[in-house]
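Undergrad: Got a structure for you, questions after.
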Amino acid sequence: MALEIDRRYETKFSVLHLNWHEIEHVIKSHPAMFHEIYFKRNVNNIYFDTSDLTSYIDNVEGERDRKKVRIRWYGDLFGKAKNPTLEIKYKTGLLGWKEKHKLKDFNLNIDENFEFKKIFDCLIESKSFDLLKLDLQFLTPTLLNRYERTYYLSSDKKYRVTLDNQMEFYSINPIKDYFKTFSDEEKRVVELKYDQHHADGAKDITKHFPFRVTKNSKYVIGVERIKNWK
């Protein structure tokens, strides 16, 4: 059964000239009194797109209604992907929400023995959704990425901030079944997330961050990195 979370807004900030400790100091010094929650963990994603990169183009061109498809899991990147989830992320304007479907564990290797067919088998074998109804049958894996994420929550529990660090991007070649290129990305991304009924107070939160607001997603960053490698 799919799980759709509440619709929420996300404001993204691109940070280039501060290290992780400096950014954390800014977050924890905020008047909203953000404090760390959960445990810092590694987030892994396999992104899917059409052959002509429709999802990427829609994002870059600022289409109001767009969709992004990925498989996400936490922990180790290579080896067994445990408790992976198919996530379909919808966005209308600045408002977004996710549809989630649990998948079976699968193995992910960086050598030439890796078969992308196994990922599609994982999708096809799932009983919780229909590829045709979700319009996923023509998508192919285009990008693998990984980053370390730290979570913070405001004292009133209305606003959450995530800090993504140590981003890595792997270009995928689904025809020859191997990861084509590897890159380390020095950029760090801060995201402010809040439910739509807390939108009125978001400006007061944002104005105290000395970061530049950006619309680019990590998928866009990764695809543009791939273009530069070719």
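The values are calculated or read from the model by the stated rules, or taken from the named source; none is laboratory data. Note that this is a predicted model, so its numbers are computed, not measured. Here the Cβ positions follow ideal geometry from the backbone for every residue, glycine too, while neighbour counts run over all protein chains shown.
Undergrad: Identify, please: which residue in region 208-227 is closer than 14 Å to Leu143 by Cα and at pLDDT below 75 and is, among those, surrounded by the fewest Cβ atoms within 10 Å (Cβ to Cβ)?
TA: Lys227
Undergrad: While we're here: All but one of (1) at pLDDT below 90; (2) surrounded by 15 or more Cβ atoms within 10 Å (Cβ to Cβ); (3) within 16 Å of the chain's Cα centre (by Cα) hold for Asn44, so report the exception by its number.
TA: So the condition that Asn44 fails would be (1).
Undergrad: Within region 167-177, can one find any residue that is at negative phi, modelled with pLDDT of 70 or more, small (Gly, Ala, Ser) and in contact with a Lys or Arg (Cβ under 6 Å, 6 or more places away or on another chain)?
TA: Looking through region 167-177, at least one residue is at negative phi, modelled with pLDDT of 70 or more, small (Gly, Ala, Ser) and in contact with a Lys or Arg (Cβ under 6 Å, 6 or more places away or on another chain).
Undergrad: Of all residues in region 58-101, which are farther than 29 Å from Ala202 by Cβ and surrounded by 15 or more Cβ atoms within 10 Å (Cβ to Cβ)?
TA: Listed by number, the residues that qualify are Ile71, Trp73, Leu77, Phe78, Ala81, Pro84, Leu86, His101.
Undergrad: Here are some conditions: (1) surrounded by fewer than 19 Cβ atoms within 10 Å (Cβ to Cβ); (2) in contact with a Ser or Thr (Cβ under 6 Å, 6 or more places away or on another chain). His30 meets all but one. Which one does it not meet?
TA: Every condition holds for His30 apart from (2).
Undergrad: Here's a follow-up. Which ones in region 178-192 are at pLDDT 65 or above, out of contact with any Ser or Thr (no Cβ under 6 Å at 6 or more places or on another chain) and crowded, with 17+ Cβ neighbours inside 10 Å?
TA: Arg188, Val189, Val190
Undergrad: Confirm whether Lys230 is loosely packed, with under 14 Cβ neighbours inside 10 Å, under 28 Å from Thr54 (Cβ atoms) and at pLDDT below 85.
TA: Yes; evaluated as a whole, the condition is true for this residue.
Undergrad: Within region 20-40, how many residues turn out to be among the charged types (D, E, K, R) and at pLDDT below 95?
TA: The total comes to 1.
Undergrad: What residue, of Leu131, Leu103, Leu108, Leu95, is touching a Pro at 6+ places or on another chain (Cβ under 6 Å) and at pLDDT below 90?
TA: Only one candidate qualifies: Leu103.
Undergrad: In addition: So in region 6-27, with the set limited to residues that are acidic (Asp, Glu) and out of contact with any helix residue (DSSP H, G or I) (no Cβ under 9 Å at 6 or more places or on another chain), which one is surrounded by the most Cβ atoms within 10 Å (Cβ to Cβ)?
TA: Once the filter is applied, the top-ranked residue is Glu24.
Undergrad: Among the residues of region 47-57, what is the count of those that are surrounded by 20 or more Cβ atoms within 10 Å (Cβ to Cβ) and either small (Gly, Ala, Ser) or under 15 Å from Phe169 (Cβ atoms) (or both)?
TA: Residues meeting the conditions: 4.
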